[in-house]
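First up is the structure itself, then whatever we jot down about it.
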Amino acid sequence: MDKDDIVKYWIESSDSDFQVMESLFENGHYAWSLFLGHLVVEKLLKAYHVKKVDADYPRIHNLPEIAHKASLELSDEQKLVMAELTTFNLRARYPDYKNRFQKKADRQYTETRLNKIREMRKWLQEKIKR
């Protein structure tokens with residue numbers, strides 16, 4: 001795969017996860033929708049990294065760290081959002097986090113965070129196009 005193919009792969013995979021995120025939310029699976037939201041942003045960050053830096057993208061899940069390795073400048077607000085989104089990766093996977101997180105991730109909590117994911121997604125898509 002060449003660089004353009006890798007970028008295309010990450011974008012298409014992110015788009016697919018975005019659709020699943022929305023479906024999970026609409027069906028009341030809030031914790032899992034947030035987990036997918038993390039993946040949506042992670043994959044776009046990796047697409048950005050491949051396009052702007054190197055095809056050898058970081059094989060990590062920490063969003064602020066991926067953004068740093070991609071030399072992507074973030075506002076303080078974006079750094080906070082990415083740090084919070086990174087926690088959704090752990091909280092949806094591991095039993096000791098999962099039970100507490102599922103209680104916390106009600107419709108209102110999730111909708112607020114999904115709106116941030118949607119904004120971050122749109123911003124990253126624009127950055128990738130440039």
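A short reminder: the numbers here are calculations on the coordinates, not readings from a lab. For clarity, every value in this text was computed on a predicted model and none was experimentally measured. Methodologically, a virtual Cβ is constructed for each residue, glycine included, from the backbone with ideal geometry; neighbour enumeration extends over all protein chains shown.
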On a 20 Å Cα-Cα criterion, which of the cross-link pairs LYS3/LYS46; LYS79/LYS103; LYS52/LYS116 come out too long? LYS79/LYS103; LYS52/LYS116
Note the full-extension length gain between VAL53 and ASN115 as 0.36 nm times their separation in residues minus their Cα-Cα distance, in nm to one decimal. 19.5 nm
Debye equation applied to the C-alpha atoms of the chain, log10 I(q)/I(0) at 0.12, 0.14, 0.22 Å⁻¹: -0.43, -0.58, -1.29
Taking the alpha carbon gyration tensor of the range 1-71, what are the square roots of 5 times its eigenvalues, largest first, to the nearest whole Å? 24, 14, 7
Here, GLN125 and ARG100, labelled 7 Å along Cα→Cβ, have an inter-label distance in nm of 3.5 nm
Can you list the HN-Hα couplings for the range 25-35, worked out from phi with the Karplus curve (6.51, -1.76, 1.60; θ = phi - 60°), rounded to whole Hz and with x for Gly and Pro? 4, 4, 9, x, 9, 5, 4, 5, 5, 5, 4
Between 0 and 90 degrees, rounded to the nearest ten: what's the tilt of helix 76-91 against the longest Cα principal axis of the chain? 60 degrees
Between GLN108 and GLN19, what is the FRET efficiency for a Förster distance of 22 Å, r being their Cβ-Cβ separation, to the nearest 0.05? 0.50
Work out how much length LYS8 to HIS61 would gain on full extension: take 0.36 nm times their residue separation and subtract the Cα-Cα distance, in nm to one decimal. 17.2 nm
Helical mean residue ellipticity (222 nm; -39500 (n - 2.57) per DSSP H run of 4+; nearest 500) of the chain: -26500 deg cm²/dmol
